[in-house]
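Below: the structure, in structure tokens.
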Amino acid sequence: MTAAFLVAALFVLLFLRVPIAISLGLSAVLTMLLFAEQSLVALAQRFFSALQVYPLLAIPFFILAGALMTTGGVAKRMIAFANALVGHFRGGLAMAALLACALFAAVSGSSPATVVAVGSIMIGGMARSGYSREFAAGLICNAGTLGILIPPSIVMVVYGAVTETSIGDLFIAGVVPGLMLTAMLMVAVALLARRLGLPRQPRADWRTVLRTGRDAIWGLLLIVIILGGIYSGVFTPTEAAAVSAAYAFFIAVFVYRDVGFKEIPKVIAEAAKVTAMLMFIIGNAYLFAFVLTTEQVPQMMSAWITDLGLPPWAFLIVLNLLLLAAGSFMEATSVVLIFAPIMFPIAVALGIDPVHLGIIMTVNMEIGMITPPVGLNLFVTSGISQLPVTKVIRAAMPWLVVLLAALVIVTYVPWVSLVLPRALG
Amino acid sequence: MSSPLGQRLLKAADRLEEAFMIVALTFMTVLTVVQVVLRYVFQTGFVWSLEATTYTFAWFVLIGMSYGVRTEAHITVDLVTSRLGPRGARVFAWVALACALAYCALMIYGSSLFVDRLLALGTNARDLPLPRWVLTGVMPIAFALLALRLIQAARPVLFPGRKAADAQ
């Protein structure tokens with residue numbers, strides 16, 4: 001009853017166009033006032049302590065690093081490198097855009113940021129080279145979701161913080177699924193390219209490949225620093241994120257020199273804006289999850305699903321359907337915050353690896369980024385392509401098939417997620 | 001608030017808010033990196049660093065709530081309003097604003113009680129030489145600022161006629 005009120009209140013508020021963060025918080029506060037014994041003091045305390053969770057500090061740092069790398073010319077050089085590598089194939093520019101998304105995803109923890117970094121250069125570029133704007137927007141909107149699957153990843157940070165799973169393991173576990181999804185999208189582009197007769201570009205000679213590769217290496221080194229640093233125990237994921245931001249600042253200002261000191265405050269302000277928005281949602285999602293927990297909802301759901309005696313494969317279907325539904329109505333981190341505590345104990349009881357569960361949730365959240373009404377990538381793509389959101393939605397939908405296929409593989413082939421973390425012990 | 005002085009004060013507040021956000025984010029980043037460097041290069045570190053970072057983070061997010069309103073960062077679900085006429089949209093905007101203000105009021109109340117309780121306890125933070133009520137005291141203020149920003153942002157939708165008058 002209480003839980004029903006909580007969820008109903010949330011949906012009414014969302015429907016009224018109250019910001020997502022406030023909808024989450026207000027439905028939690030109202031539910032507590034009406035049904036629960038907990039006082040408002042407990043909620044205020046909970047809110048404040050949610051903003052002090054140390055692993056979550058990785059979020060502003062990764063966002064800052066991403067912002068510095070977008071304006072600092074890292075994205076531009078990755079695109080040039082990707083283009084030199086695959087531009088000469090049929091549909092080469094589309095493949096280059098996709099590859100650039102994958103490369104940028106390896107230094108960025110956010111999907112919308114990846115779309116902005118690659119899309120703001122490539123959508124126009126593709127349109128000038130004979131692709132339709134819709135095709136370019138649809139592809140990059142989807143390929144940008146790699147941002148949270150290929151490490152680093154904000155969604156994995158949140159999952160790790162809530163379930164106390166190693167964030168380093170989650171990052172490493174995202175590598176193979178990320179490469180797999182990149183390859184799958186690449187095949188889809190190649191097939192389409194033949195059918196649509198997409199243009200190719202002149203083949204870049206090996207000197208160009210080498211030169212662009214050397215230019216891009218500064219950015220790509222970052223992923224080595226992040227994963228190497230976390231895995232060798234040199235620093236925590238939060239520290240790795242801060243080091244990334246400092247490193248990104250260093251290459252932007254001193255190596256590439258694409259931004260001057262004067263522009264840095266503007267970049268930081270932009271990162272601050274995005275972080276504040278995300279963290280406001282996360283703080284309130286903590287309140288929402290807190291009320292669920294005091295109402296014993298996770299325990300009841302666990303008991304209920306365990307009583308159903310579902311085999312693991314059936315549970316995974318239920319899990320994916322729930323996450324896909326939630327992901328289209330909610331922002332990714334808040335879905336993870338609310339659902340991870342509910343699903344985690346059940347999954348563990350069924351023998352599903354916590355890291356595997358984290359990757360399943362991440363892929364679901366990728367799909368959530370491109371499904372309306374709340375698909376951040378859709379809005380961001382619409383903003384940079386100057387296409388209306390409805391057109392972006394239509395352009396993005398066909399690619400969903402590839403993402404769903406990847407979801408099925410990631411869900412039912414745990415090996416894909418677990419091979420690397422296991423190999424590395 | 002259309003007097004020149006009021007305008008100027010608002011502008012100053014805007015700039016102060018943005019400056020705080022930039023400084024806080026930079027401070028957290030630099031402090032965390034310095035901590036790593038100190039640990040590996042000099043085998044030392046500040047005890048207070050971790051707590052200073054997490055409290056800065058909390059302040060950053062709390063002030064960021066209203067900053068997000070001004071910079072239109074907060075996301076909403078748009079299911080129906082795009083299909084409503086201007087009248088319907090205005091009704092929705094009023095109801096949404098009322099809900100958001102109710103949230104602010106409840107959070108101001110709850111966090112004031114929370115801060116008050118810490119004031120009565122009088123304990124200091126673990127590593128920082130500051131009383132906890134000072135460190136958390138920003139919370140009710142931040143929710144009050146959020147309420148002000150929400151009203152400010154909603155004005156053009158709520159009173160479409162006044163927009164022109166304000167601009168002059």
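Bear in mind that the values in this text are calculations on the coordinates, not laboratory data. The shown structure was predicted, so the numbers you read here are calculated from the model rather than taken from an experiment. Cβ: placed from backbone, ideal geometry, glycine included. Neighbour counts: every protein chain shown.
The table that follows gives values for the structure above.
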quantity: Charge dipole magnitude, Cβ of K and R +1, D and E -1 - chain A, Cα centre, debye nearest 20; calculated: 1740
quantity: Helix-only [θ]222 nm of chain B, DSSP H runs n ≥ 4, -39500 (n - 2.57) each, per residue, nearest 500; calculated: -26500 deg cm²/dmol
quantity: Candidates A:S27, A:S166, A:S39, ranked by Gaussian network fluctuation over chain A, Cα under 10 Å, top entry; calculated: A:S39
quantity: Among B:V115, B:V41, B:V30: highest mean-square fluctuation, GNM of chain B, C-alpha pairs under 10 Å; calculated: B:V41
quantity: Residue among B:A58, B:A24, B:A89 with the largest mean-square fluctuation in a Gaussian network model of chain B, springs linking Cα atoms under 10 Å; calculated: B:A89
quantity: Karplus-derived 3J(HN,Hα), 6.51/-1.76/1.60, for each residue of the range A:287-299, Hz, glycine and proline x; calculated: 4, 4, 5, 4, 5, 4, 5, 5, 8, 6, 5, x, 5
quantity: Residue-averaged 222 nm ellipticity for chain A, from DSSP H runs of 4+ at -39500 (n - 2.57), nearest 500; calculated: -25000 deg cm²/dmol
quantity: Cα centroid separation - the range A:1-53 against the range B:25-88, whole Å; calculated: 21
quantity: Förster radius 41 Å - calculated FRET efficiency between A:Q299 and B:V47 (Cβ-Cβ, nearest 0.05); calculated: 0.60
quantity: Cα-projected label distance for B:R70 with B:L5, points at 7 Å along beta-carbon direction, nm; calculated: 2.1
quantity: Span from the the range A:355-416 Cα centroid across to the the range A:309-325 one, whole angstrom; calculated: 18
quantity: Hydrodynamic radius by Kirkwood, which averages 1/r over all alpha carbon pairs of the protein assembly as shown, in angstrom; calculated: 24.8
quantity: Gain on full stretching of the segment that runs from A:R422 to A:L404 - 0.36 nm per residue minus C-alpha separation; calculated: 3.9 nm
quantity: Total formal charge among the other residues, if their Cβ is under 14 angstrom from that of A:A190, Lys/Arg +1 and Asp/Glu -1; calculated: +4
quantity: Percentage relative contact order, the range A:270-414, counting C-alpha pairs under 8 Å, at least six apart; calculated: 24
quantity: Taking the range B:9-168 and dividing mean pair separation by its residue count, relative contact order in percent (alpha carbons under 8 Å, at least six apart); calculated: 26
quantity: Rounded Å value of the spacing that divides the Cα centres of the range A:160-236 and the range B:112-135; calculated: 46
quantity: Estimated Rh, the range B:33-168: Kirkwood, alpha-carbon pairs, angstrom; calculated: 18.1
quantity: Cα gyration tensor of the range A:105-205 - equivalent ellipsoid semi-axes, whole Å, descending; calculated: 31, 14, 11
quantity: For B:N124, residues with placed amide H under 5 Å, excluding near neighbours; calculated: B:R132
quantity: Entries of A:K266/B:K11; A:K273/B:K11; A:K76/A:K273 with Cα pairs more than 21 Å apart; calculated: A:K76/A:K273
